[in-house]
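Below is one structure, written out as structure tokens, with a few remarks after it.
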Amino acid sequence: MSTLPPLTLVLGGAASGKSSFAERAIRQSAPDLQKIYIATAQAFDDEMHAKIAKHQRLRAADGWHTHEDPLAVAARLNAASAGQIILLDCATLWLTNQLMADADLDASSQELVTALAHCAASVVVVSNEVGQGIVPEHAMSRRFREAQGQLNQHIAREAQLVVQVIAGLPLILKGALPQGLS
């Protein structure tokens, strides 16, 4: 049994500590559940290959069952069971993958939000907050920023707990952290 709610959204900027916070929250709140890590990153260069390999080794040592799913996250969520807790890291890379695959972003996002809302397992979603920066110069970047902002808002509406992480520190935006989690 998890002390986290059915759906938690963890937001933050790049390198803010949001993934570390999400992993710690799952370890502390659901020690008896099977930990599933849905990783959405794709390796297009040597640096990303090395980063992904490092994360895979760290997760395996910590008991995570990792699934590399750059696009088919909703199907993975729909197949989950109540004896699991899922970390989706991250919605931003998933959305980027959808954009690069020329998918219908509205339809894909709605499918993801629906799967999150109906998932049998508790889910913690990590996502970047991209709306606090400058207006992007290119149309594709502006389209992405708008789609990411909308996706975050839709997930936040469904989530019982929303946390923004800044400099490794959690700021509760909605709901309450389980006892003993910080």
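The values are calculated or read from the model by the stated rules, or taken from the named source; none is laboratory data. Because the structure is predicted, anything quoted here is derived from the model rather than measured. Cβ atoms come from the backbone with ideal geometry, glycine included; neighbour counts cover every protein chain shown. Ligands, DNA and RNA are excluded from the accessible area calculation, which covers all protein heavy atoms including side chains. Shrake-Rupley method; radii C 1.70, N 1.55, O 1.52, S 1.80 Å.
Laid out as a table, the results:
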item: Flag if Thr3 is among the β-branched types (Val, Ile, Thr), in contact with a helix residue (DSSP H, G or I) (Cβ under 6 Å, 6 or more places away or on another chain), touching a residue at least 12 places away in the same chain (Cβ under 8 Å) and open to solvent by 30 Å² or more (accessible area, probe 1.4 Å); result: yes
item: Checking Arg76 against (1) open to solvent by 60 Å² or more (accessible area, probe 1.4 Å); (2) at positive phi, the condition it does not meet; result: (2)
item: Test for Ala115: is it in a helix (DSSP H, G or I) and within 17 Å of Thr40 (Cα to Cα); result: yes
item: His67 being surrounded by 13 or more Cβ atoms within 10 Å (Cβ to Cβ) and in contact with a helix residue (DSSP H, G or I) (Cβ under 8 Å, 6 or more places away or on another chain); result: yes
item: Pairs where the first residue, in segment 57-81, is closer than 22 Å to Ala117 by Cα and the second is of a type in the set (Gly, Ala, Ser) and surrounded by fewer than 17 Cβ atoms within 10 Å (Cβ to Cβ), C-beta under 6 Å, 6+ apart; result: Ala80/Ala120; Ser81/Ala120
item: Subset of segment 87-102 that is among the aliphatic types (A, V, I, L, M) and farther than 16 Å from Leu11 by Cα - its residue that is surrounded by the fewest Cβ atoms within 10 Å (Cβ to Cβ); result: Ala101
item: Selection from segment 109-131 of residues that are under 15 Å from Asn152 (Cα atoms) and open to solvent by 20 Å² or more (accessible area, probe 1.4 Å); result: Gln110, Glu111, Thr114, Ala117, Asn128, Glu129, Val130, Gly131
item: The one condition in (1) of a type outside the set (D, E, K, R); (2) part of a helix (DSSP H, G or I); (3) buried (at least 16 other Cβ atoms within 10 Å of the Cβ) that Gln164 fails to fulfil; result: (2)
item: Residues of segment 118-150 classified as assigned to a helix (DSSP H, G or I) and either out of contact with any Pro (no Cβ under 9 Å at 6 or more places or on another chain) or touching a residue at least 40 places away in the same chain (Cβ under 8 Å) (or both), total; result: 11
item: Number of the condition not met by Ile86 [criteria: (1) modelled with pLDDT of 95 or more; (2) in a helix (DSSP H, G or I); (3) not polar (S, T, N, Q)]; result: (2)
item: Segments classed as helices (runs of 4 or more DSSP H), wholly inside segment 1-82, with at least 2 members that are closer than 17 Å to Leu95 by Cα and either modelled with pLDDT of 90 or more or in contact with a Gly (Cβ under 8 Å, 6 or more places away or on another chain) (or both); result: 73-78
